[in-house]
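Have a look at the structure below before the remarks.
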């Protein structure tokens, strides 16, 4: 059967579009198609004459990619409607949208536009405008709970109602204390009068309304009852022990706490392409090899992979380091961090190790510490099994330079806000890597304290491995070192990196 024979929208999408309130807010589960339905409504609205309710439509997503996806949906709908009705519609245009903040400062935002014969247009912005109040018409704020300044965005949007505009707010949840959830509760409590309405669309709603059948249709597969059950369980089981996150992302039930501390857009702004994320992942049998073979293998790896990256470091900058130690389940992360005269933090590369014996982790760590230009100091995780490596490193490089940190709730409360602040202020740069992005977003506010929760997420480079916000921990430790280690750079007499011996055979 053809699941779209009776229409391209599912029942919950139709119900959402039927709501005519000036303020519409949708609490949604992932991939429930609400934004897709909103694209169709925007095309109908922008292509209609003013007498029929036509107006400009502005889409504000939390990432540039969301804007491109939305305008792409609109273009497809427009072409179909243009063929059916012979109505005028332009192609997608890319242009610079002029934005002006309250102080009169002007900036230009990349934007995408489709213009219609009605005189109205659909505009998708690549980032949040400072002056939402300047947008007249229908404004769609997608993934509102993840915007840089959620409260300011929602407050500014309500000003549009003065001129008869419409506000559409769509998002998955990001914690109970997030302003998006607070606004949803305020609407339910009728604090916005009868001009606002809340709608909830969960993953289960979408499944009941034919989501699985549509997935099969697009993939050219035949839907079956057994296949549907297996597909449904696969989606649910993908969250593993992260039940609260599963309920938030699929069932639209917000988690306790404030949710994610650092919006994805802040992390995107900090990322720079062309920087290495080095990885050494070994299997469980490696530790049973003779010590000289293990050392030779790692020396060879250092020569081939690590030494060229170290050679590219800026010799004029002071360097620090943070290390979040792990031995078996999680990744052990080494995060070098330089600081320039403006106190900007830069992460030139990241070293990831999985199931690497402690002796070989020390081999790599010592190589990096001896090779960092103008090395000042480091902070190492000395919690649990990391205590021995932290102590040995302090013995080697000096206890005044190597901080042995017992990570606790109190430590998180004192130092994690300073790491989060770097992203808010745009004062940190780092490699462009999806796993690192995922790690930074693992920092959550729990009862007022930003910290890395125990939930694990799947590693994007190796789906068989899982992460625990590992880079976020190492980055916070590195930033702690920049603030706490006050000794000057290591003197010239300190040992330089020993070149690893090349070998023709190693452990594979």
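Laboratory data are not the source of any read-out in this text; all were calculated from the coordinates shown. In this text, all values refer to a predicted model and were calculated from it rather than measured experimentally. Please note: Cβ atoms are built from the backbone with ideal geometry, for glycine as well, and neighbour counts cover all protein chains shown.
What do the square roots of 5 times the Cα gyration tensor eigenvalues come to for the range 178-314, in whole Å, largest first, as semi-axes of the equivalent ellipsoid?
Three semi-axes, in Å: 46, 27, 16.
Evaluated at 4 °C with a viscosity of 1.567 mPa s, what Stokes-Einstein diffusion coefficient in µm²/s does the range 21-202 have when Rh comes from the Kirkwood expression over alpha-carbon pairs?
Translational diffusion coefficient: 78 µm²/s.
Give me the percent of DSSP beta bridges within the chain that run antiparallel, rounded to the nearest 5.
Bridges in the chain are about 45 percent antiparallel.
Does the chain classify as rounded, prolate or oblate by the C-alpha gyration tensor (a ≥ b ≥ c root eigenvalues; a/c under 1.5 gives rounded; else a/b over b/c gives prolate, otherwise oblate)?
prolate
Could you tell me the calculated FRET efficiency between residue 136 and residue 68, based on Cβ-Cβ distance and R0 = 25 angstrom, to the nearest 0.05?
0.60
Consider all pairwise Cα distances in the range 261-484 and report the whole-number % of them above 26 Å.
Above the 26 Å cut-off, the range 261-484 has 30 percent of its Cα pairs.
Using 0.36 nm per residue, how much length does the chain from residue 234 to residue 50 gain when fully extended, once their Cα-Cα distance is taken away?
61.5 nm
Mean separation of Cα pairs under 8 Å and 6+ residues apart, divided by the residue count of the chain: what relative contact order is that in percent?
For the chain, the relative contact order is 15 percent.
Starting from the Cα of residue 95, step 7 Å along the direction of its Cβ; do the same at residue 434; then give the gap between the two resulting points in nm.
Label-label distance for residue 95 and residue 434, simple model: 3.5 nm.
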